[in-house]
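S.K.: Structure in structure tokens, see below.
The values are calculated or read from the model by the stated rules, or taken from the named source; none is laboratory data. All figures in this text were calculated on a predicted structure; none of them were measured in a lab. Because the Cβ atoms are built from the backbone with ideal geometry, glycine has one as well, and the counts that use them run over all protein chains shown. Each accessible area value is taken on the protein alone, full model and side chains, heavy atoms only, with ligands, DNA and RNA left out. Shrake-Rupley method; radii C 1.70, N 1.55, O 1.52, S 1.80 Å.
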Amino acid sequence: MSFTYEAVGATRENLAACPPGFHPLHVRTRIGEGQGVFHRAAEAVLTWELHRALGVGIDAAADRAAPGVDVTVTLAGLLRAPCRIVWTAEESRRAGWAYGTLPGHPECGEEAFVVDRTGDGTVWLTVAAFSKPAKWYARAGGPATRGLQQAYARRCGAVLRRLCAGANED
């Protein structure tokens with residue numbers, strides 16, 4: 001299966017990338033501070049733990065995000081969204097991945113989940129995406145669909161903060 005959009009990988013170098021005709025999403029949430037929080041957050045993102053803790057169904061071809069891994073996200077047991085991992089990062093201060101949409105996904109575009117640790121030790125989660133409706137029901141949702149995407153991104157940050165609450169801060 002091929003991706004349903006042309007700008008594959010655009011979020012890798014620029015999380016704010018948004019090709020013409022797509023709607024941008026960029027939500028950044030403070031998770032905590034320190035190396036322990038960073039490592040815990042990175043593992044939760046890279047192993048699907050964050051998404052499963054959100055209550056999202058994840059059917060992945062691997063236990064860990066890696067380029068080329070196919071993932072089907074299921075919402076409320078009804079909505080199936082096939083995706084493929086486009087890129088991953090596992091660096092000393094940055095970890096995460098992005099997936100791109102495949103045929104059958106209600107949206108068309110790319111979404112990234114990136115944890116980074118800034119120079120002062122603060123750990124952040126950034127959820128960034130560019131998308132446009134691919135199915136009639138996503139188009140019919142209009143601005144409400146984008147509002148749900150914003151709410152989902154904010155919830156990702158809140159859930160990751162909770163998952164990292166017990167991690168050592170240094």
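S.K.: Using a/c under 1.5 as the rounded threshold, could you call the stretch 86-144 rounded, prolate or oblate? The axes a ≥ b ≥ c are square roots of the C-alpha gyration tensor eigenvalues, and prolate needs a/b larger than b/c, oblate otherwise. Intermediate values should be presented prior to the final figure.
M.R.: Numbers: a/c = 5.93, a/b = 2.26, b/c = 2.63.
Taking the square roots of the gyration eigenvalues as a ≥ b ≥ c, the stretch 86-144 is oblate.
S.K.: Now, a different point. Go ahead and estimate [θ] at 222 nm for the chain from helices alone: -39,500 (n - 2.57) per DSSP H run with n ≥ 4, summed, over the residue count, rounded to 500.
M.R.: Numbers: 4 runs with 49 residues, N = 170.
Calculated mean residue ellipticity at 222 nm is -9000 deg cm²/dmol.
S.K.: Once the Cα atoms of helix 35-46 and of the chain are each reduced to a long axis, what angle between those two axes, in degrees from 0 to 90 to the nearest 10, is obtained?
M.R.: In the chain, helix 35-46 runs at an angle near 20 degrees to the longest axis.
S.K.: Averaging sequence separations of C-alpha pairs under 8 Å and six or more residues apart, then dividing by the length of the chain, give the relative contact order as a whole percent. Write out the running numbers ahead of the final one.
M.R.: Values: 377 pairs, mean separation 53.8, N = 170.
Result for the chain is 32 percent.
S.K.: Specify the residue with the greatest mean-square fluctuation among Glu91, Glu49, Glu107, computed from a Gaussian network of the chain linking alpha-carbon atoms under 10 Å apart.
M.R.: Glu91
S.K.: At 1.4 Å probe size, with the rest of the protein present, what percent of the exposed accessible area of the chain is carbon and sulfur atoms?
M.R.: On the way: 4230 of 8000 Å².
Of all accessible area on the chain, carbon and sulfur atoms account for 53 percent.
S.K.: I'd like to check one number: the per residue accessible area of the chain, probe 1.4 Å, reported in Å² as a whole number. Write down the numbers at each step before the final one.
M.R.: Details: 8000 Å² over 170 residues.
Counting only protein heavy atoms, the per-residue value for the chain is 47 Å².
S.K.: Take the alpha carbon gyration tensor of the stretch 1-90, find the square roots of its eigenvalues, order them as a ≥ b ≥ c, and report rounded if a/c is under 1.5; if not, report prolate when a/b exceeds b/c, else oblate.
M.R.: Details: a/c = 1.58, a/b = 1.16, b/c = 1.37.
Oblate, because a/c is 1.5 or more while a/b does not exceed b/c.
S.K.: Per-residue counts of other Cβ atoms within 10 Å, averaged by peptide: what ranking do you get for 29-38, 10-19, highest first?
M.R.: Packing order, densest peptide first, comes out as 29-38, 10-19.
S.K.: Would you work out if the stretch 9-50 is rounded, prolate or oblate? Take a ≥ b ≥ c from the square roots of the eigenvalues of the alpha-carbon gyration tensor; rounded if a/c is under 1.5, else prolate when a/b is larger than b/c, oblate otherwise. Display every interim value, and only then the final one.
M.R.: On the way: a/c = 2.77, a/b = 2.23, b/c = 1.24.
The shape class here is prolate.
S.K.: What's the local net charge at Gly109, with K and R +1, D and E -1, over the other residues with C-beta under 11 Å away?
M.R.: Working: positive: Lys132; negative: Glu6, Glu107, Glu110, Glu111.
For residues surrounding Gly109, the net value is -3.
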